[in-house]
Amino acid sequence: MISSIHPKKFAGGIHPENEGKELSANEPLRVPPLLEKYTLPIHQNIGAPPKLIVKKGDEVRKGQCIAEADGFISVPLHAPTSGKIGDAVEIPGANGVAVPAIEILSDGADEWGACLEPYPDWKNTDREKLKKRIQEAGIVGMGGAAFPTHAKLSPPPEKIIDTLIVNAAECEPYLTADDRLLRDSAEKVLTGAAIAAKILKISRILVGIENNKPEAIEALSAVSEKFSAEIVPLHVRYPQGGEKQLIYALTGRKVVAGGLPMDVGCVVQNVGTLAAICEAVTEGHPLIERLVTVTGSPLVRPGNFVLRLGTPVGKALEFAGGVKGPVGKLILGGPMMGFAQSSLEVAVSKNTSGILLLAPEEVRQFEAGPCLSCGRCVDACPMRLLVSTLSKVCENERYDLAEENYVMSCLECGICTYVCPAGRPNVQHFRLAKAEINARRRKK
Amino acid sequence: MESVLVAVGVVALVGLILGVLIGFTAKKFAVASDPRIEQVAELLPGANCGGCGYAGCADLAKAIVTSGADPALCAVCSAENVAKICAVMGVEAGTKERKVAVVYCSGDRSHAKMIAQYNGLNDCRAAASLHGGGKGCRFGCIGLGSCARSCPFGAIEIRNGLAIVHPETCVGCGKCVDICPRKLIRLVPAESKGHVYCNSLLKGPQKKKYCSIPCIACRKCVKAAPEVFNPQGFLVRAVKPELVDAELVKSAGCPTGALQTVEDHLALGQAAGKEKEGAA
Ligand code: SF4
Ligand code: SF4
Ligand code: SF4
Ligand code: SF4
C-alpha cells in the first residue's frame, strides 16, 4: 500500500539534467547466452577475501562453492556455471588496479550442483539458520557497497532496530536494473524483505522509491499488502538512495557523523540484495548472477541483463548489440559514483550495477583550476560538508585539517565534482585523504 | 615643561625597576640547558626534513646530546660536520656511507605506453589507485611527481613523464622512498655507476606490451658479470651497482637498454624534454 508518510527533503543534492533512464528502462529483461569462459574476481566483498578451495583442472558444478568465507566479515564465492577451473589470473579491478581472479571454463551443460537446502517454510525457520544461509549464499550489498549482508543483519543487541528500509530509490542516472527487477519480480523483493525483517525481529518495512518509476510503484503496491510493507514515493533527487539521505527522507531521523543507520534504529537493504536473499532462502540458490544495466547512447541495444558474475565487460557490451558510434568513456557503475575504465577485461562482480558508455560529446574534459570559493559544492553536498575548505586543505595535503572537517563522512557521491565550475577533482582528493587518514590511524 | 620631565622620570624609573626584576628572575629561574645542544644544532643542516625520524634538526640535536642518538642518523649532514658533532660530544666518529635515491624505471613517455587518458588529481598516490594514471605498466613510474614534491632538496626532476633523481643533489634522506606508491625508489650507495632501470615483475613479453625499455630477464648481463647482477624472477637487479661502469654496460649488451649507466640515465629523454619546452 502507498504510505501516508510525507517524505522529508534532505538538504543538498542535485537533479542531474540528463537522467538517461529512458534508454534502458522499458526494454524487457534479457538473459544472454552462456559464455565459454568466465573470469571471476576472487575478492568481491568488503572484509576478508574468501579462500580458494579449488585448483586448476577441477570439475565444478554451477553454484558450487569455490572459495570459502574467511571470518565473519567475509562471504564465500560460487561457480557461475558448470565446467572446469582454469588458470589463476590477474585482471583489472573496477579502479584499474590488478586483482586476482580465477577462470571457469564452461562445459555448456550449465548444470546445478548439489544445492543448499531450500527453506520454503522460512517463516518457521530459525533466525540464525536464515542468517547463516545468507552468508553461505555469498550475499553482499548489491547496491554498490558489497558489505556482507548477514553482518548488516546482525546488529549488536544494544541497538534497537525498528524499521527495515528497502532501498529502491535507484537515484543514479542511467541505471534501471532495480526498476526492472521491481517491475518483474516485486514479490521476490518483498519476500526477501520479509525474511530480513524476520531476522531483525521487526515488522515495519518501508520501501523508498523515486517517483519517476510509476510502473515499479504499481507492481509493488499490488503485492505489498501481503507483506504489510509501506511504499513511499520520493522526490527525484540525487543521492536519494544514499543510506543516510533515505533514512532521513523516510523517518526524519538523522545519523550523526561517523554513525551507522542502526544507531537510529534502521537497517537499509538494496532491492537486488533482497531478491538474492529470497532466492537463497526459498530456492537454495547462491549468488552467481545479477541484474546489470548495460546502457549508453553509443550502444545498439541498451537494456537490462541477467549477467553471471565473472562476465567480462567487453562481452556485456556485445550482448547489448555492440557499439554503433564513437565512444568517449566506459564507466563501471553509474555516471556519478562509477569508475571510468581502461580495459574491457574488467569483470562483472557482485556490486556491479551498471556498465555505461558515453559518447565523446557527453564527456567533459577539463583541467582542474584553483578553487573559486563559489560555494556551489557546499550548497549541494548532501552530507553538509564544507567542501570548498576540504578541497583546499586536501590540495595542500593537510589531512589533519581534512579529518577535523569531517572528510571521513564524505560518501563519495560525486556531486561536488559534478557542480564545480573549476573542474576540481574533489572526490579523488577526498578518497586520497581518507586513505591517508586510515593509514595514519593504523600506524598509531 | 615640568610635567614632561616628571613623566619621563616616572617612565625611566618604572623601566629600571622592571629591568632589575627581569634580570633577577632570569637568573633565579633559569632553565639549565646544555650549551652543546645549540652547538650541535648549528652543525646540523637545518633543513628539517625529518628523514632522521625526529621532528626536525633541533629535535635531533637534543636527542644527540641528551639520549646519545647517532649523529650519522642525519643523512644530509656532511661527513665533516658529523665529525665536528662527534668532537663536540667527545665520541668516536664512525665512517658514514653516503646514499642516494634511484628510481628503478626508464619508462618515460617515449618508451612506455599509456592505456588511458588520465585527467585526475596530480598526485601519484591518487593515480596509483585509479588505473595507475593511465600508464600501461603497473610497476613503473607514474610520473606525477609526488616524490619530487616531497623532496626537501629538489633533487628529483620529472622529465617526460619519468622521475629522475640527480645524485649530486640527493642527500639520501629517504622521503621519496616513503611516498612513492609504486615503491620503485631505493637508496643505493652514492658511488653507484649504473643500474637496471626497471621494476616490473611481469614476464618479458607482457612487459614488452606496454614498454620498449624493460628488463626482459634475458640474463645477458648476468652472463657478462655474474657477481654484479642478480636475477630475481623476471627482473634483474645490479647488486653491486658501483661496478656497473660504461664498459660493463657496453659488454653486457642489454637488448632493450634497461641497463644504463647513471650518466646515460640522466641524459634520458633530454632531447625529447628540450623539444617539448621549445614547442611550449
Ligand atoms: S562527494 Fe563527499 S564532499 Fe562531495 S558532495 Fe558528495 S558527500 Fe559531499
Ligand atoms: S564548487 Fe569548486 S570552485 Fe566552487 S567552492 Fe567548491 S571546489 Fe571551489
Ligand atoms: S617495464 Fe620497467 S622500465 Fe618499463 S615502465 Fe615498467 S617498470 Fe618502467
Ligand atoms: S617515482 Fe613514484 S612518486 Fe615519483 S613520480 Fe614516479 S610513481 Fe610518482
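The values are calculated or read from the model by the stated rules, or taken from the named source; none is laboratory data. Computed from a prediction, not measured in an experiment: that's the story for all the values here. Glycine also receives a Cβ, built like all others from the backbone with ideal geometry; neighbour counts cover every protein chain displayed. Side chains are part of the model used for accessible areas, which takes the heavy atoms of the whole protein and leaves out ligands, DNA and RNA. Shrake-Rupley method; radii C 1.70, N 1.55, O 1.52, S 1.80 Å.
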- Query: In peptide B:128-140, what is the residue-averaged number of other protein chain Cβ atoms found within 10 Å of each Cβ?
  - Reply: 4
- Item | Accessible surface, 1.4 Å probe, highest first, among residues A:H6, B:H265 | A:H6, B:H265
- So what does B:D34 come to for accessible area, using a 1.4 Å probe and Å² rounded to 10? 50 Å²
- Note on the structure: Under Stokes-Einstein, the protein assembly as shown at 4 °C and 1.567 mPa s, with its Kirkwood radius over C-alpha pairs, diffuses with a coefficient in µm²/s of 44 µm²/s
- Binned Cα-Cα distances of chain B, short to long, each 5 Å bin given as a whole percent: 1, 5, 10, 12, 13, 12, 9, 8, 6, 5, 4, 3, 3, 3, 2, 2, 1, 1, 0, 0, 0
- Cα centroids of region A:68-90 and region A:13-43: how far apart, whole angstrom? 23 Å
- Item | Surface accessible to a 1.4 Å probe, A:Y418 within the full protein complex, Å² | 90 Å²
- Task: Specify the angular offset, from 0 to 90 degrees and rounded to the nearest 10, of the alpha carbon long axis of helix B:57-67 from the longest principal axis of the alpha carbons in chain B.
- Result: 80 degrees
- Message: Rounded, prolate or oblate for region B:171-230? Axes are the square roots of the Cα gyration tensor eigenvalues, ordered a ≥ b ≥ c, and the cut-off for rounded is a/c under 1.5.
- Response: oblate
- Which entries of A:K213/A:K324; A:K123/A:K188; B:K183/B:K209 show an alpha-carbon separation above 18 angstrom in the structure shown? A:K213/A:K324; B:K183/B:K209
- Item | Computed log₁₀ I(q)/I(0) - Debye formula, equal Cα scatterers, no solvent, region B:1-137, q 0.09, 0.14 Å⁻¹ | -0.61, -0.82
- Item | Cα gyration tensor category, rounded, prolate or oblate, for region B:1-72 with a/c compared to 1.5 | prolate
- Query: In what sequence, largest accessible area first, do B:M89, A:M1 appear using a 1.4 Å probe?
  - Reply: A:M1, B:M89
- Distance violations [Cα-Cα > 26 Å] among A:K84/B:K207; A:K254/A:K443; B:K27/B:K62; A:K21/A:K392; A:K350/B:K207: A:K84/B:K207; A:K254/A:K443; A:K21/A:K392; A:K350/B:K207
- Task: Take the Cα atoms of region A:376-443, find their three principal axes, and give me the spread along each one in whole Å, biggest first.
- Result: 36, 20, 15
- Message: How would region A:328-444 be classified by its alpha-carbon gyration tensor: rounded, prolate or oblate, with rounded meaning a/c under 1.5 and the a/b versus b/c comparison settling the rest?
- Response: oblate
- Query: Along the Cα-to-Cβ line of A:E117, 7 Å from the Cα, sits a label point; which residues in region A:45-87 have backbone N less than 12 Å from it?
  - Reply: none
- Item | Per chain A, cysteines lacking a partner by the 4.7 Å Cβ criterion | A:C65, A:C115, A:C171, A:C266, A:C278, A:C371, A:C374, A:C381, A:C394, A:C410, A:C413, A:C420
- Quick one: Cα centre-to-centre distance for region A:260-311 and region B:205-250, in angstrom? 49 Å
- Task: Could you order A:F227, A:F366 so the one with the most accessible surface comes first? Probe is 1.4 Å.
- Result: A:F366, A:F227
- Message: Using only the alpha-carbon atoms, how far is helix B:79-89 inclined from the longest principal axis of chain B? Give it as 0 to 90 degrees, nearest 10.
- Response: 40 degrees
- With every protein chain present, what accessible area does B:I158 have (1.4 Å probe, heavy atoms only), rounded to the nearest 10 Å²? 70 Å²
- The alpha-carbon center of region A:126-173 and that of region A:322-341 are separated, in whole Å, by 29 Å
